[in-house]
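Take this structure first; my questions come after.
The values are calculated or read from the model by the stated rules, or taken from the named source; none is laboratory data. All figures in this text were calculated on a predicted structure; none of them were measured in a lab. Cβ coordinates were reconstructed from backbone atoms using ideal geometry, including for glycine residues, and neighbour counts include every protein chain displayed. The accessibility values were calculated without ligands, DNA or RNA, using every heavy atom of the protein model including side chains. Shrake-Rupley method; radii C 1.70, N 1.55, O 1.52, S 1.80 Å.
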Amino acid sequence: MRKTTFSILFIIVVLLCFTSCYSVRIVSSQGTVNPDPMSERADFYRDKMIIELDTVVKASAFTDEVSFIASGTRCKSGKLHSVEYKNSFGASLLYLVTFGSRRKVKIKYVCLKTEN
Amino acid sequence: MAHTTTYAKTSWDTLHNNGPFPLKYLQITELESNSTLPNAIARYNDATLEIQQLIQQALAHNQGFRAYGSRWSMSSIAHQKDRLHYNGYMNLDIPIPVDAVRSDSPYQVENLFFFQCGNTIKEISQKLSQSGKSLKTSGASNGQTIAGCISTGVHGSALDVGAIQDYVVGIQLITGPKAKDVLYLERHTKPALTSAFVHQLNATVIRNDELFNAALVSLGSFGFIHGVVIEAEDRFLLHRYVRKVDKQLALSLADTMDFSSQVLIPEAVDRNGKPLRPYHYKVFINQYVNDPQYVIEVMYKKPYVTPYPDPFTIINKSLYRDLIHLLIKISEKYPKTIPWFIKKLEKQILPDVNEETLGTLYETFWDAPYQGPAFACSFGVDHKDSSKVLELLTKTTLQEGPIPGIFAMRFVKGGKATLGFTKFPITCVIEIDGVLWQKTNKLISLKEYSNKMITVLQQHNIDFTLHWGKNADWSYPGLINYMYSAKAEEWKKFRTALLRPELARVFSNHFLESTKLSDSVSVVPQDLIVSL
Ligand SMILES: Cc1cc2nc3c(=O)[nH]c(=O)nc-3n(C[C@H](O)[C@H](O)[C@H](O)COP(=O)(O)OP(=O)(O)OC[C@H]3O[C@@H](n4cnc5c(N)ncnc54)[C@H](O)[C@@H]3O)c2cc1C
């Protein structure tokens with residue numbers, strides 16, 4: 001009996017993992033993507049200079065929202081081409097069990113190429 | 001100073017994994033920042049010096065040096081086993097002032113634009129749009145660099161316009177490390193820039209039609225193309241329709257290019273109800289189904305007026321790459337499943353029938369999503385031979401395959417480039433695109449497949465060419481001679497005259513050697529490349 005309950009629970013967790021694991025990407029219709037000639041990726045980001053953020057943000061009762069700044073050597077133009085946000089079961093769970101004080105952030109973004 | 005980072009590498013690949021190919025060094029040049037050097041010409045000249053140094057290094061090490069753009073070519077044309085140079089960050093545009101255009105030039109100054117080699121079609125379109133201008137034509141997508149495009153002869157399906165190199169009016173080449181190796185070429189019968197302006201680029205002008213035509217589609221082998229001057233035109237809109245029409249009609253339009261006797265799109269007619277001539281005509285063919293109809297795409301040119309509906313679909317879906325990979329693995333083992341898979345994927349591969357959009361050239365031929373390892377074989381034939389060649393090639397594909405791809409036909413007005421593969425008055429480009437597979441005991445290799453197609457066309461005495469940037473059995477005996485005969489000799493003659501022997505070696509590669517285009521010509525008239 002306990003074994004069956006455990007199996008059902010396991011299946012539910014796995015299913016939840018799949019259904020709550022999704023990503024959404026927004027892509028600009030203007031501007032040229034910042035290229036990455038060293039790219040060896042085999043996905044949407046092939047040849048694009050991708051910047052990945054995979055971190056846990058600590059929030060306090062006074063924190064309403066979190067911003068990241070697109071800049072640096074990999075984002076010289078400081079302008080965005082695309083942003084992909086990924087949500088996962090683990091992230092949702094973390095949010096729930098920490099009552100929102102720990103927020104897992106998984107973002108991929110690509111900047112625009114610098115105009116010369 | 002512009003600076004170059006050199007990475008030691010062991011291999012290099014194309015965007016669509018048609019390699020890997022061996023490599024020693026990958027070099028990436030970045031320009032001096034415009035805050036340090038605000039003058040565009042100064043930064044351009046600074047980059048010239050940097051490229052000359054790289055050529056000097058290659059010479060000193062007795063190695064090859066080859067520029068590449070977006071690595072979108074699927075043949076090995078962009079590969080060099082020693083040193084490859086990535087141009088993507090060299091994306092300056094230099095304003096052409098009114099007094100920089102010769103008074104006897106047939107071009108209007110507001111239509112002339114100077115772009116550095118690494119500008120992509122997308123970047124150029126955006127820059128032109130800021131002046132209310134547009135490219136005359138592009139390929140089906142926008143990620144290639146301008147130098148990469150002209151080096152292989154990129155085309156769309158603009159039947160009365162031509163390919164990209166056909167609106168290039170000037171080319172700035174770096175052929176070696178010496179000051180005299182910086183050249184600016186244009187046609188003597190159609191000059192554009194004043195010598196005074198060209199001298200600001202530290203370049204020597206050569207106005208010579210034949211040299212210019214040879215350098216236009218140079219396969220990356222006439223030196224480093226640093227900049228190009230193009231002729232743009234006023235921005236326009238394209239009204240695009242996708243329809244299904246009877247096979248016979250689609251093919252007869254291809255064979256005749258006569259659009260005047262059949263109303264294809266009821267609203268695409270003139271005041272007297274006569275059908276308009278389309279700007280673009282494309283036919284899609286799934287050789288594995290016996291459908292009495294083909295999907296066609298036609299576009300009509302319209303004046304640019306705003307507002308017009310947003311041509312972008314908000315949600316874009318692309319095929320799941322792992323699924324494609326799985327299908328290919330199954331197909332390699334069980335090739336008979338290929339037609340079934342293609343039928344199932346038809347909806348994703350072909351445009352939606354009855355789809356209609358209105359947009360600029362930039363918006364119509366937009367980004368292509370990366371779909372994993374891919375192949376493309378592309379033949380150029382006289383449009384009058386379209387249906388005949390299509391039949392021969394699809395038959396070969398059914399006999400030798402099935403091959404995991406489908407056919408399409410596009411149509412391009414002929415140009416003047418010596419080795420342009422759009423060499424017929426209107427070239428029908430018959431292409432098969434698909435996912436890359438591995439040879440198995442049940443499925444022939446891509447090279448063997450290409451070999452069979454070349455053989456069948458030769459057996460039927462079909463005059464044809466091949467897209468330089470696409471897959472083919474490039475070492476097929478006598479291939480170049482069959483396609484270009486005297487034109488190939490002429491091209492080699494100009495290359496021999498332009499490059500000192502040691503530099504001809506630097507700018508050569510395996511592709512050029514296997515096609516025998518790297519051979520020098522023993523007798524070259526002394527005045528062959530003089531300015532006229
Ligand atoms: C998704 C996709 C869509 C395509 N659609 C089309 C299409 O619609 N029509 C069409 O005709 N083709 C099409 N092609 C083929 C492709 O456009 C051509 O092969 C084109 O030449 C690639 O341009 P590139 O900038 O990537 O050049 P590369 O592939 O990097 O290089 C091509 C050639 O240019 C030379 N070169 C590049 N820069 C320089 C320079 N500065 N100086 C000297 N030589 C240089 C290289 O040495 C090489 O010989 C497509 C390919 C892909 C992957």
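Could you grab me the full set of residues in region B:10-33 that are surrounded by 15 or more Cβ atoms within 10 Å (Cβ to Cβ) and without any contact (Cβ under 8 Å) to a residue 40 or more places away in the chain?
Within region B:10-33, B:Glu32 is the sole residue that qualifies.
Quick check, is B:Asp181 more than 7 Å from the ligand (Cβ to nearest atom) and either open to solvent by less than 10 Å² (accessible area, probe 1.4 Å) or without any contact (Cβ under 8 Å) to a residue 60 or more places away in the chain (or both)?
Values: more than 7 Å from the ligand (Cβ to nearest atom): yes; either open to solvent by less than 10 Å² (accessible area, probe 1.4 Å) or without any contact (Cβ under 8 Å) to a residue 60 or more places away in the chain (or both): yes.
Spelling it out, B:Asp181 is indeed more than 7 Å from the ligand (Cβ to nearest atom) and either open to solvent by less than 10 Å² (accessible area, probe 1.4 Å) or without any contact (Cβ under 8 Å) to a residue 60 or more places away in the chain (or both).
Any idea which of (1) touching a Lys or Arg at 6+ places or on another chain (Cβ under 6 Å); (2) more than 14 Å from chain A (Cβ to nearest Cβ); (3) in a loop (DSSP other than H, G, I, E, B) is the one B:Tyr370 doesn't satisfy?
Here B:Tyr370 clears every test but (2).
Please find, within region B:59-69, the residue that is nearest to the other protein chains (Cβ to nearest Cβ) out of those that are open to solvent by less than 40 Å² (accessible area, probe 1.4 Å) and either part of a strand (DSSP E or B) or in contact with an Asp or Glu (Cβ under 7 Å, 6 or more places away or on another chain) (or both). Write out each step before concluding.
Here is the first cut: in region B:59-69, the ones open to solvent by less than 40 Å² (accessible area, probe 1.4 Å) are B:63-69.
Then keep just the ones that are either part of a strand (DSSP E or B) or in contact with an Asp or Glu (Cβ under 7 Å, 6 or more places away or on another chain) (or both); that gives B:63-68.
On the way: B:Gln63: 19, B:Gly64: 18, B:Phe65: 16, B:Arg66: 14, B:Ala67: 12, B:Tyr68: 9 Å.
Applying the filter and picking the extreme gives B:Tyr68.
Conditions first: (1) open to solvent by 30 Å² or more (accessible area, probe 1.4 Å); (2) within 12 Å of the ligand (Cβ to nearest atom). B:Ile55 passes all but one, so which condition is the exception?
Going through (1) open to solvent by 30 Å² or more (accessible area, probe 1.4 Å); (2) within 12 Å of the ligand (Cβ to nearest atom) one by one, B:Ile55 breaks only (1).
So, of the residues in region B:153-164 that are touching a residue at least 60 places away in the same chain (Cβ under 8 Å) and open to solvent by less than 10 Å² (accessible area, probe 1.4 Å), which turns out to be farthest from the ligand (Cβ to nearest atom)? Show your work before the answer.
Let us first name the residues in region B:153-164 that are touching a residue at least 60 places away in the same chain (Cβ under 8 Å), namely B:153-163.
Going one step further and asking which of them are open to solvent by less than 10 Å² (accessible area, probe 1.4 Å), we end up with B:153, B:155-159, B:162-163.
On the way: B:Gly153: 7, B:His155: 4, B:Gly156: 6, B:Ser157: 8, B:Ala158: 11, B:Leu159: 14, B:Gly162: 12, B:Ala163: 7 Å.
Step by step, filter region B:153-164, then rank; the result is B:Leu159.
Now, a different point. How many residues, within region B:428-479, are open to solvent by less than 10 Å² (accessible area, probe 1.4 Å) and either under 18 Å from B:Ile338 (Cβ atoms) or part of a helix (DSSP H, G or I) (or both)?
Here the count works out to 9.
Looking at B:Ser76, B:Ser35, which is the one that is closer than 27 Å to B:Val154 by Cα and not hydrophobic (A, V, I, L, M, F, W, C)? Break it down into steps so the answer makes sense when it comes.
On the way: B:Ser35 fails: closer than 27 Å to B:Val154 by Cα.
Residue meeting the stated conditions: B:Ser76.
If you don't mind, there's one more thing I want to ask. Quick one: in region A:98-116, of everything that is within 14 Å of chain B (Cβ to nearest Cβ) and without any contact (Cβ under 8 Å) to a residue 40 or more places away in the chain, which residue is least open to solvent (accessible area, probe 1.4 Å)? Outline the logic, then answer.
Filtering region A:98-116 down to residues within 14 Å of chain B (Cβ to nearest Cβ) leaves A:110-116.
Then drop every residue that is not without any contact (Cβ under 8 Å) to a residue 40 or more places away in the chain, which leaves A:115-116.
Details: A:Glu115: 112, A:Asn116: 43 Å².
Top of the filtered list is A:Asn116.
Confirm whether B:His239 is outside any loop (DSSP other than H, G, I, E, B), at pLDDT 95 or above and open to solvent by 20 Å² or more (accessible area, probe 1.4 Å). Show your work before the answer.
Working: outside any loop (DSSP other than H, G, I, E, B): yes; at pLDDT 95 or above: yes; open to solvent by 20 Å² or more (accessible area, probe 1.4 Å): yes.
Yes; evaluated as a whole, the condition is true for this residue.
Residues to consider are B:Asp519, B:Asp527; find the one that is without any contact (Cβ under 8 Å) to a residue 24 or more places away in the chain and outside the structural domain of B:Leu390 (by TED's automatic domain parsing).
Values: B:Asp519 fails: without any contact (Cβ under 8 Å) to a residue 24 or more places away in the chain.
Just one listed residue meets the conditions, B:Asp527.
Hey, another quick one. Can B:Lys487 be described as more than 15 Å from the ligand (Cβ to nearest atom) and surrounded by fewer than 16 Cβ atoms within 10 Å (Cβ to Cβ)? Reasoning before the result, please.
On the way: more than 15 Å from the ligand (Cβ to nearest atom): yes; surrounded by fewer than 16 Cβ atoms within 10 Å (Cβ to Cβ): no.
No, not satisfied.
Please work out which residue is surrounded by the most Cβ atoms within 10 Å (Cβ to Cβ), limiting yourself to region B:100-127 and to residues that are more than 23 Å from the chain's Cα centre (by Cα) and either of a type in the set (D, E, K, R) or within 14 Å of another protein chain (Cβ to nearest Cβ) (or both). Please lay out each step first, then the result.
Of all residues in region B:100-127, those more than 23 Å from the chain's Cα centre (by Cα) come to B:100-110.
Right, trim to either of a type in the set (D, E, K, R) or within 14 Å of another protein chain (Cβ to nearest Cβ) (or both) and you get B:102, B:104, B:110.
Numbers: B:Arg102: 18, B:Asp104: 7, B:Glu110: 14.
Here the residue is B:Arg102.
Among residues belonging to region B:76-99 that are in a loop (DSSP other than H, G, I, E, B) and crowded, with 23+ Cβ neighbours inside 10 Å, point out the one that is nearest to the ligand (Cβ to nearest atom). Give the derivation first.
Quick first cut of region B:76-99, residues in a loop (DSSP other than H, G, I, E, B) only: B:79-82, B:87-92, B:95-97.
Next cut, crowded, with 23+ Cβ neighbours inside 10 Å only: B:79-80, B:87-88, B:90-91.
On the way: B:His79: 8, B:Gln80: 8, B:Asn87: 5, B:Gly88: 8, B:Met90: 8, B:Asn91: 12 Å.
Within region B:76-99, the match that is nearest to the ligand (Cβ to nearest atom) is B:Asn87.
Okay, moving on. Given the conditions (1) away from the ligand (no atom under 16 Å from the Cβ); (2) crowded, with 20+ Cβ neighbours inside 10 Å; (3) under 22 Å from the mean Cα position of the chain (by Cα), report the number of the one that B:Glu233 does not fulfil.
(2)
Do you know which residues across region B:456-484 are within 16 Å of the ligand (Cβ to nearest atom) and charged (D, E, K, R)?
Across region B:456-484, the qualifying residue is only B:Lys470.
Restricted to region B:165-178, and to residues that are part of a helix (DSSP H, G or I) and open to solvent by less than 10 Å² (accessible area, probe 1.4 Å), which residue is farthest from the ligand (Cβ to nearest atom)?
Initial filter on region B:165-178 (part of a helix (DSSP H, G or I)): B:165-167.
Now narrow it down to the ones that are open to solvent by less than 10 Å² (accessible area, probe 1.4 Å): B:165, B:167.
Details: B:Gln165: 10, B:Tyr167: 14 Å.
Going through the qualifying residues, I end up with B:Tyr167.
With within 23 Å of the chain's Cα centre (by Cα), away from the ligand (no atom under 16 Å from the Cβ) and in contact (Cβ under 8 Å) with a residue 60 or more places away in the chain as the only criterion, which of B:Met453, B:Met409 stands out?
Values: B:Met409 fails: away from the ligand (no atom under 16 Å from the Cβ).
Being within 23 Å of the chain's Cα centre (by Cα), away from the ligand (no atom under 16 Å from the Cβ) and in contact (Cβ under 8 Å) with a residue 60 or more places away in the chain holds for just one of B:Met453, B:Met409, which is B:Met453.
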